[in-house]
1. Here's a check for you: in segment 292-315, which residue that is open to solvent by 70 Å² or more (accessible area, probe 1.4 Å) and more than 21 Å from CYS235 (Cα to Cα) is farthest from the chain's Cα centre (by Cα)?
2. I'm checking my understanding of the structure. Among residues of segment 164-206 that are assigned to a loop (DSSP other than H, G, I, E, B) and of a type in the set (D, E, K, R), which one is modelled with the lowest pLDDT?
3. Taking only pairs six or more apart or across chains, which ones have beta-carbon atoms under 7 Å, a first residue in segment 81-99 that is touching a residue at least 40 places away in the same chain (Cβ under 8 Å) and β-branched (Val, Ile, Thr), and a second residue that is assigned to a helix (DSSP H, G or I) and surrounded by 12 or more Cβ atoms within 10 Å (Cβ to Cβ)?
4. Can you work out which of the residues in segment 316-333 that are under 15 Å from SER280 (Cβ atoms) and modelled with pLDDT of 85 or more is surrounded by the fewest Cβ atoms within 10 Å (Cβ to Cβ)?
5. In the list ALA54, ALA14, ALA96, which residue meets the criterion of being open to solvent by 50 Å² or more (accessible area, probe 1.4 Å), at pLDDT 95 or above and assigned to a helix (DSSP H, G or I)?
6. How many residues are aliphatic (A, V, I, L, M) and either in contact with a strand residue (DSSP E or B) (Cβ under 8 Å, 6 or more places away or on another chain) or crowded, with 17+ Cβ neighbours inside 10 Å (or both) when one looks only at segment 209-227?
7. For segment 288-312, what are the residues that are closer than 16 Å to SER278 by Cα and in contact with a Gly (Cβ under 6 Å, 6 or more places away or on another chain)?
8. Do you know which residues across segment 310-333 are touching a residue at least 60 places away in the same chain (Cβ under 8 Å) and farther than 21 Å from SER252 by Cβ?
Amino acid sequence: MVSEEPPFLNASKAWILLRCHRRWRLESDASSESRMRDLGIVMDTNIGTIAHKAIEEWVDSGAWKAGNAGDLLARLFEGKAPTDPTSIGHVRRISALLAFRAHALVSVLAESSKKPGTEVSLQDDSRRVRGQLDLVTYTGQQVHVVDVKTGAGLGAANALPLSVECQMAIYAFLAAGEWHAEVKLSVFSTESGFRALPMELVEATSRVDRLISERTVALAGKPDAHASADVCTWCHFRDDCDAHWSAVDAGSITDAVSGWVIHVSDSDVGIGSVVFESSSGTQVLSGVSRSLAESVAVGQFVMFFRVRRDPRGNSDLWHATRRTGMKVRMDRG
């Protein structure tokens, strides 16, 4: 009998293996996409993804060679970005940063001896590893792999997140196998510009080997669940993870709250609120979308996640976001 091959290690999510086997295994399962759709928690296109698409079009079309390259990149991004009131501030910030940072991208692109590659898909079938490289330029016997990030915290003074280290190790491993050339790695951050990542091929290969070993452990038996803010925030399966809710109760995860619903309100503009009794007393979640409010009824035990505490310091007030999700249970058990 031929054993079933393990799921591919995707570069963008490989780090999860080192933080929570349960999340990685569930999100790597072939049925998880349909399950996430059934739960209503499939994420729509986010602003970071839109920025990537704008850069891809900007590079592929040759617009980066224009005298007003920065303005053109900003316009491409704005043309694809959402225009709802909750997103407009973030959209304007990313647009301004893209316009400002474009010159640095132009400098790297101009060094390439042939047309730069964008969204380059590579995979190693024997090790079941794959990744999609945002940008690749070519100079002599060297390939330069650039990963685009729109989040904060990637400045030279900050330690690199585990997610970036794992992702770039896989990119280096795959790029070396594809082009048989020296691989240069960089992160391009809209917040802080370029940051080089020195990593020898032997180190990259060692990191990939460790991830493969972790995959074997994660696929054997019931996977362990380990809760923390970094791994739980965007987990599609946090709604029914006991380790996650235990961490919420302990106060180590602070973007979630739960309780018994005692009142649900709506408004003419489709934004309402939910009042519920938690272990800390009466709580109010405002900014709730109509679709979310219609899924909640008085008497239910509801668990909300990806919510924000009131910035004015009111401990009993919460605010929903575009990414807020929930789990309804008739009882806490």
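1. Step one: filter segment 292-315 for residues open to solvent by 70 Å² or more (accessible area, probe 1.4 Å), giving 294, 298, 308-309, 311-312, 315.
Still in the running and more than 21 Å from CYS235 (Cα to Cα): 294, 298, 311-312, 315.
On the way: GLU294: 28, VAL298: 33, PRO311: 24, ARG312: 28, SER315: 28 Å.
Filtering first and then ranking leaves VAL298.
2. Among those residues, the one meeting the criterion is GLU191.
3. Final answer for the pair search is VAL91/ILE47; VAL91/GLU78; ILE94/ILE47; ILE94/ALA51; ILE94/PHE77.
4. The extreme case among them is ASP316.
5. On inspection, the qualifying residue turns out to be ALA96.
6. Final tally of qualifying residues: 5.
7. PHE305, the sole residue that qualifies.
8. Matches in segment 310-333: ARG322 only.
The values are calculated or read from the model by the stated rules, or taken from the named source; none is laboratory data. None of these values were measured; they are calculated from a predicted model. Glycine also receives a Cβ, built like all others from the backbone with ideal geometry; neighbour counts cover every protein chain displayed. What goes into the accessible areas is simple: the full protein's heavy atoms, side chains included, and nothing from ligands, DNA or RNA. Shrake-Rupley method; radii C 1.70, N 1.55, O 1.52, S 1.80 Å.
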